[in-house]
Structure formats: structure tokens, C-alpha cells
1. Give me the lysines in straight-line cross-link reach of K80: C-alpha distance below 30 Å, same-chain residues under 8 apart excluded.
2. Can you compute the modelled spin-label distance between L213 and Q49, with each label point 7 Å from Cα toward Cβ, in nm?
3. So how much slack lies between E246 and L382, counting 0.36 nm per residue of separation and subtracting their Cα-Cα distance, in nm?
4. Work out how much length E203 to S412 would gain on full extension: take 0.36 nm times their residue separation and subtract the Cα-Cα distance, in nm to one decimal.
5. What value in Å³ per residue do you get for the convex hull of the alpha-carbon atoms in segment 173-319?
6. Any idea how far apart E105 and D397 come out in nm if each label point goes 7 Å out from Cα toward Cβ?
7. Would you kindly state how much longer the chain becomes between D372 and E81 on full extension, computed as 0.36 nm times their sequence separation minus their alpha carbon distance, in nm to one decimal?
8. So for segment 176-311: antiparallel DSSP bridges make up what percent, rounded to the nearest 5?
Amino acid sequence: MMMMKRGLVLGATAAMVTTVAVTGAGLHFSQSMAFFQESPKELVDEVWQIINQQYVDATFNQVDWRAVREEYLDRSYDSKEEAYDAIEEMLKELDDPYTRFMNPEDFQNLQIDTSGELIGVGIQISLDEDTDYIRVISPIEDSPAFDAGIESRDLITAIDGRSTEGMDLNEAVNLIRGEPDTQVTLTIQRGEEQREYEITRTEIEVRPVRTRLQETPDGQNVGYIRLNQFNSNAADEMRSAIEDFEEQGISGYVLDLRSNPGGLLQASVEISRMWLDEGTIVSTVNRQGKVDEQSANGTALTDKPLVVLVDGGSASASEIVSGALQDNSRAVVVGTQTFGKGLVQSVRGLGDGSGLAVTIAKYLTPDGRDIDEKGIDPDVVLEIDEDKEEELRLNRDTLGTSDDPQFSEALSILQTEISRQGQQAEAN
């Protein structure tokens, strides 16, 4: 997952990743490590205090949070491991899978994503509240999971034969993660079908932006930009891509956010500003109802017609960008309904090197839409049948070509928009 100095995360769905593809969370040690090693109860209390001050729901999901403090501080803790167990137990009372404690190893791994270099199988996961199993948000393109055939919204029902029903996300992440060239077996439920996938872990280099020059049927050159993830390199690569296309004098753009599970909030704001010269991009609302609003700042790189492609694997930061461009009438959104993750987490370091992710806010699109569990509805809905979807998955080089039905529709819409803009320019 952000925008503030302690690291805001766009939904723990984007943070809970087997490849640790998450947030650039800044470390903030509020007490000395030695202090907490000597008094682990203080670590329990610090976590309680953070939740008490920052949690998005002032009712703490109908939990008597003060009574919880009394219960857990009334205990004795002989080691930090006992404190860790108590903290995890305490947080479960909130019934919020995205507010979570991380031991020092987990917290260190959480920050790997900002380098764009990952180790794992390449999937982002969340808890599925309906089934209590682990849900795949999206596989990272060209990762082992992607190549094996793992798809967005698959249920992971077992990891190496161990059921994931009721499993903590941290535990699932740790079971799936491992050393390069080792194997993990994921049992996947897709509809009525269940099958096992044996996947080899590896080092993954995420290339966030891929581009290609495309010609429309009437001879117009347009820029195709596929954005795979909102990591720390995404904004710079996007800027370079747009500037290169502008130098080539292209007539319009297709921005492909399909199966992009999100990432850094600040990257989504920066990228939105490259397309929008004015208007609101996103606002966040905390439990006091306060709104922090991010807006365009007059630094758009282009005003040429734009079509955005989305699908069920487009989540968090992808939904911020597509929602901002849609609500500001800057782009036509094409594809299928997005994932629907509109929660914001703050990630901070604790005194002994462990960490805490806390749901502190939800975000709204410029028109005030709360898309959590709802997603963004495209302006033009175009489903792809399963055979074609599998064909595109197996041959990614066909994405953004005439063999890609959603891209073909985007190209047709873009051609119309280019023509309309040209007519308006002549009239003026």
C-alpha cells in the first residue's frame, strides 16, 4: 500500500501478499527496543493505545475496548512471544482482518515491495469474509503463480495440505513465502472446481509499466500503457511513458489497469495528476468524519482522449485512479466491475522492531462514492468468456492487441473520442 510519513496502506488486501508486495511503510520506533524486551506488557498497551486513538470505527466494531485493555493488562507476560500472542488475540476481537500485528520478521518483509524486487510466488491475498478462507486478489503478472494459472478471486482452501479456514493472514503469508527454488502446493477452489497447484518460489522483479504504440483502423497512433502495480517505481515510469508518447505526437491513450491489485496511495495520486489538470482525486474519511482531500495541481502531462481498462483484479490504488478519471469525466472506463477495496491502513513500527497495521479511514471517489465491497462500475461493461480469458492469460503478448476484445472496444471508443475532439478543435 502511502501518503503519510508513517505509511498509509490502501487496504490490507493490497498489503497481505505472499510476495510481500505491499506498502512503503516508514519505521517509527516510539520506544527503545531494550525497554520492550524488559517489559513486554508495555508493548501490549502501546498497541491498545494506537487502536484506541486511530481505529476507523469509534465503536471498535461494537467491542468494549476499555474492558479489553483491562483484561490484557491484567495478565503477566514472561516473554515478548507471549505478548505477541496476546496482541494477536486482542486484535481479533475487532473482527477486522486488515488490522493486524506483525512480528519483526513479518514487518521487515512488509517493506520489500517498494524496491520492486520480491521473493515468493507472486499473489496478493485477503481474507474472504463469506467463506473464512483466503481469497486471491490478483496474481502479479509473469510471476510463478500467474504462470501456474492462479486467477483473481480464486479461494485458497489449503496450503501444503493445511486448511486455510479461519487462518490468520500473517500465517498464510508465512506458509506461502519461502526460499527461492522451493515448492509450495496451493489448493484452489474456483466455482465448483477444486485443484492443486504446485508452484516454485522465485525472485520476482516487478516492471510496473509496459508500453506499445498502436495504430487505430483509421490510421491514428495511440499509446497503450499497461500498469501492473503501484510500487515506488510506478510514477516515474508512467511519467516517462507519457512524455515519450507525447514526443511521438500520438492522438490518444489506453491505460490498462486490469489485474492491477494496487499498492502505494501516493503513486495513485501522482499518476492521476499526470492525466488530470484540475479536480479532486480522492478523499479519506476517518472516525471523526474529517476529510483529507487530494486534488490535481495543474501538472497534467496530456489532455488527449483516454480510455481505462479495468476488471475484477483491479483493486485499491487502481480503483482510486479509475474512479478519479471517471468522476472527473477525463476518461471512459471499459471492462468489468473492479474488486472493491476502499479501506486505508496506517502501518507503523513498534519498539522491538515489530509492526502494526491499523484501519484508520476509508477513501471516497471525487463524487463521494464509497466503493468498498462494491467496486467501480465501468462506463462500458464488456465481459470476456472463459476461453478467451485463458488465452490472454497464457499469452500476455496478446494483451492490448486485436486479439484482446476489451482492448479492441477501448480502441473503438478512443477513435470516436479522438474524432470528436478533433471536430471541436476545428469548430473553435
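1. K5, K41, K92
2. Here the modelled spin labels are 6.0 nm apart.
3. Value of the extension gain: 46.1 nm.
4. On the way: separation 209, 0.36 × 209 = 75.24 nm, distance 3.85 nm.
Value of the extension gain: 71.4 nm.
5. 182
6. 4.1
7. 101.3 nm
8. Here the share of antiparallel DSSP bridges comes out near 65 percent.
Laboratory data are not the source of any read-out in this text; all were calculated from the coordinates shown. None of these values were measured; they are calculated from a predicted model. Ideal geometry is used to build each Cβ from the backbone, glycine not excepted, and the neighbour counts take in all protein chains shown.
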